[in-house]
Each structure stands twice: as structure tokens, then as C-alpha cells.
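K.L.:
Here it is, the structure in full.
The values are calculated or read from the model by the stated rules, or taken from the named source; none is laboratory data. Keep in mind it's a predicted model, so treat the numbers as computed, not measured. We place every Cβ from the backbone using ideal geometry, glycine too, and count neighbours over all the protein chains shown. Ligands, DNA and RNA are stripped out before the accessible areas are found, and what is left, the full protein with its side chains, is counted by its heavy atoms. Shrake-Rupley method; radii C 1.70, N 1.55, O 1.52, S 1.80 Å.
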Amino acid sequence: EKRVSWGASAGFGSNEVQFFIDNTVNASLGPDSPTLFDPGLYRQEEINLNLRAGYPVSSSVHLAGGLEWRDEKFTIGVGQTESWVNGPFADQGFSAASNGFPGFAPISGGNWSRSNFAGYVDLEAGRGSNWTLGAAARFEHFADFGSTLNGKLSGRYEFNPNFAVRGSVSTGFRAPTPGQSNAYNVSTQFDLTLMDLVNNGTIPSISRVAALRGGKALEAEKSRNYSAGFILRGGRVSLTTDFFRVDLRDRLAVTQNFALTPAEVQGLLAEGITSAGSIANFRFFTNDFETKTQGIDVVGTYTAGNTDVHLLFNHTDTEVTGFNPDTLSESRIQQLEEALPKTRAAV
């Protein structure tokens, strides 16, 4: 008997980071400065609603689909006044805000939310035979990024019970989070060039100062994904091997550090970023590069009685195939290509 199977789910998640810093001062407040500060907080909240259904069209064809609604909200909580204010001694050259980690000023605080709606359909044919073909499509509408349509084609062919091949091709889409679009923070770091501690800031890409260095409203990442592999079994041993490649464009990353000019300091101060006078460098999120990631996944299994021994191997190589030299330096490109281990193995 053919029946429609369905299910629904709802989820809520929240994460909060509360900052604090002590044994420091806001030098611009002089002797009135406290030594313990509440610089503010970050909070992320998400709500997810899902409805899914499936229907066996025939013994070898299965149809599924679903709807999803998601809402996410990012909050920057303003810190105590003493953690960000320009005190009476700022005009004499004393640094403003809590030294080491300036608090979030009212210009930085706020709530940013985004909702999106998605629907998908999935068709699988060939169940019970030596071949399987699959096709899927997903439509998604973001309140701030518009609509996108992505799809996937997959296939598997079994030559015999001990050997099969499989492959797939798909497209992908990832919108920047409200936090990446709006977050602002400053931290003290060691500068290898100056051999001294300096304050580095991450500012929104839509800031007027970021715009002077190529900053603009963030776009979504888009990808094309390919994979091909085989499954081999023999006695107590099984082996799966998959080759993969991901071509990613408009990829999100933070830029290189830019040194603030006196004019840019005044621009940040005019925007209400009161700690700008003590910031040496700044950076922001951008979509200014493309990458090609490819590699191989191998999983080997040996079974002896009730014991399974697994061997896992992965080699992944990422190459930056294009970038904007005005926002991303060669050293930043090197970090993107070499920061993660290329080869990993586990037993």
C-alpha cells in the first residue's frame, strides 16, 4: 500500500558570549577610570521550522519534498560607558576606551535579524536494481539576499555485489551571517613589524572607512561541487574511495590589515567609534576571492568477528584561483591555502 510519510520539527538555539576585562584602564578618564570593565556581549539566536514528506511512486521510484523557515538574530550588547567613552584627557593624547579590549559603543550595538524560506524536492529512481539515479532541487528566499535555486544530480551503478561506482554534481549557496555583516570589535595584538602591541579592529564592510579600502555590502558565496568514487568489497575487507572538487566564488574572508590614516581615524570617530584613536589597523569581511578545493577521501574497514577496524585517510588541497590584491595580500592568500593540514589519517 502506498502511503505518504511525513514529519515536522521545530528548533530553537541561542549562544551568548559575555566579555569582561580587568587589571586595565581607560586612560582618557585619568584617575576616575575603573580597572574592571564590562565591554558588552555577542548573542546569536536561531529558530528553525521544518515540514517534510515522502511518497513511493512505485517500487523503484521515490519522491520527497519539504519546506523550511528559519529566522536568525545577531545582537551586540553595548558595554558600560567607561569601556568605550572618550574621557576628558583624550585631547591630551591619552587613549580612550578600556585598554586591551575596547567596549562596544552605542554606534556598534544593535540587533540584526534575517529570515529565509526554502522548499525542496527530491526524486530517486532505481531502488532495488543495480543502478540508482537521483535529482534534487532547492529554492530559497532570503529577506536580505533575494532568491536562489540550487540542484543536485547523483548516480550509482553496481557491477556486482563486490564493486560499485558512484558520482554526483551539485551547486551550493551560503549567505553571510548577520554577524559577519555587522560585527565590530577591537583587540590588542602583537605586531611583528613594529615589535609592539597594537590595537587591531574588525569593522563592518559597509562602514564609510571600509568603503575607502574597497568595502561594500557582502554577497553570498556560490559553489559547484563534483564527486566520483567507487566501493570495493572482498571477504573481510571493504574500501570506499571518493574524489571531490569544490569550485567556490565570492568566498567570504577577512581582508588584510590596513593601517589607519589620520583622516580615517577622524572618519571612525565621526561614526561614533570612540576607540578609533587607539586603533592602529583595521580589516573587514569581503567576497574578493575564488578557490578550488579538491582531494580524496578513503575509508577502509577490516572485520574480524565482532570487531571492526577502520582506516580513514583524507588529502585536501585548496588553491586560490583569483583574488583582489587591493584587499587581500599575498600573505593572506598563503594563510588561506596553507593554514589547515592537507593530509590527515586515523585508525
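K.L.:
Which percent of the Cα-Cα distances in segment 162-253 go past 23 Å?
P.N.:
Considering segment 162-253, 57 percent of its Cα-Cα pairs are separated by more than 23 Å.
K.L.:
Estimate the FRET efficiency between residue 154 and residue 243 by the formula 1/(1 + (r/R0)^6), using the beta-carbon distance for r and 22 Å for R0, to the nearest 0.05.
P.N.:
0.90
K.L.:
Could you tell me which of 29, 327, 102 has its Cα farthest along the dipole of the chain towards the positive end, charges placed at Cβ (Lys, Arg +1; Asp, Glu -1), taken about the Cα centre?
P.N.:
Final value for the positive-end residue is 327.
K.L.:
Follow-up question, since we're still on this one. Determine the order of 4, 299 by accessible area, beginning with the largest, at a probe radius of 1.4 Å.
P.N.:
Result, largest first: 4, 299.
K.L.:
Just the accessible area for residue 20, please: 1.4 Å probe, Å², rounded to the nearest 10?
P.N.:
Only protein atoms counted, so the area is about 150 Å².
K.L.:
Between the alpha-carbon centers of segment 160-238 and segment 119-140, tell me the distance in whole angstrom.
P.N.:
28 Å
K.L.:
In addition: How large is the accessible surface of residue 174 in square angstrom, using a 1.4 angstrom probe and rounding to the nearest 10?
P.N.:
Approximately 100 Å² of residue 174 is accessible to the 1.4 Å probe.
K.L.:
In terms of solvent-accessible area of protein heavy atoms at a 1.4 angstrom probe, what is the ranking of 319, 72, highest value first?
P.N.:
So, going from the largest accessible area down, we get 319, 72.
K.L.:
Once you place label points 7 Å from the Cα toward the Cβ at residue 173 and residue 191, how far apart are they in nm?
P.N.:
For the pair residue 173/residue 191, the computed spacing is 4.2 nm.
K.L.:
Another question, if that's okay. Not counting ligands, DNA or RNA, and with a 1.4 Å probe, what is residue 307's accessible surface area in Å² rounded to the nearest 10?
P.N.:
Looks like 80 Å² after rounding.
K.L.:
Place a +1 charge on the Cβ of each Lys and Arg in the chain and a -1 charge on the Cβ of each Asp and Glu, then give the dipole magnitude about the Cα centre in debye, rounded to the nearest 20.
P.N.:
Using only the charged Cβ atoms, the result is roughly 1580 debye.
K.L.:
May I ask you to list the residues of segment 210-226 whose amide nitrogen lies under 15 Å from a point 7 Å from Cα along the Cα→beta-carbon direction of residue 263?
P.N.:
Those under the cut-off are 210-214.
K.L.:
Using only alpha-carbon positions, what ratio does the radius of gyration of segment 199-255 give when scaled by 2.2 N^0.38 Å?
P.N.:
2.08
K.L.:
Additional query: Heavy atoms only, probe 1.4 angstrom, no DNA, RNA or ligands counted: give me 184, 226 ranked by accessible area, highest first.
P.N.:
The most accessible residue leads, giving 226, 184.
K.L.:
Hey, another quick one. What is the extension gain from residue 324 to residue 69, computed as 0.36 nm multiplied by their sequence separation minus the C-alpha to C-alpha distance, in nm to one decimal?
P.N.:
Fully extending the segment from residue 324 to residue 69 adds 88.3 nm.
K.L.:
Hey, another quick one. Going by average Cβ neighbours within 10 Å, how do the peptides 83-94, 155-166 rank, with the highest at the top?
P.N.:
83-94, 155-166
K.L.:
Right, something else. Hey, what's segment 1-78 come to in accessible area per residue, 1.4 Å probe, Å²?
P.N.:
I get 61 Å² per residue for segment 1-78.
K.L.:
May I pose another question? Please report the carbon-and-sulfur percent of the accessible area for the chain; probe 1.4 Å, protein heavy atoms only, DNA, RNA and ligands left out.
P.N.:
The C+S portion of the solvent-accessible surface of the chain is 56 percent.
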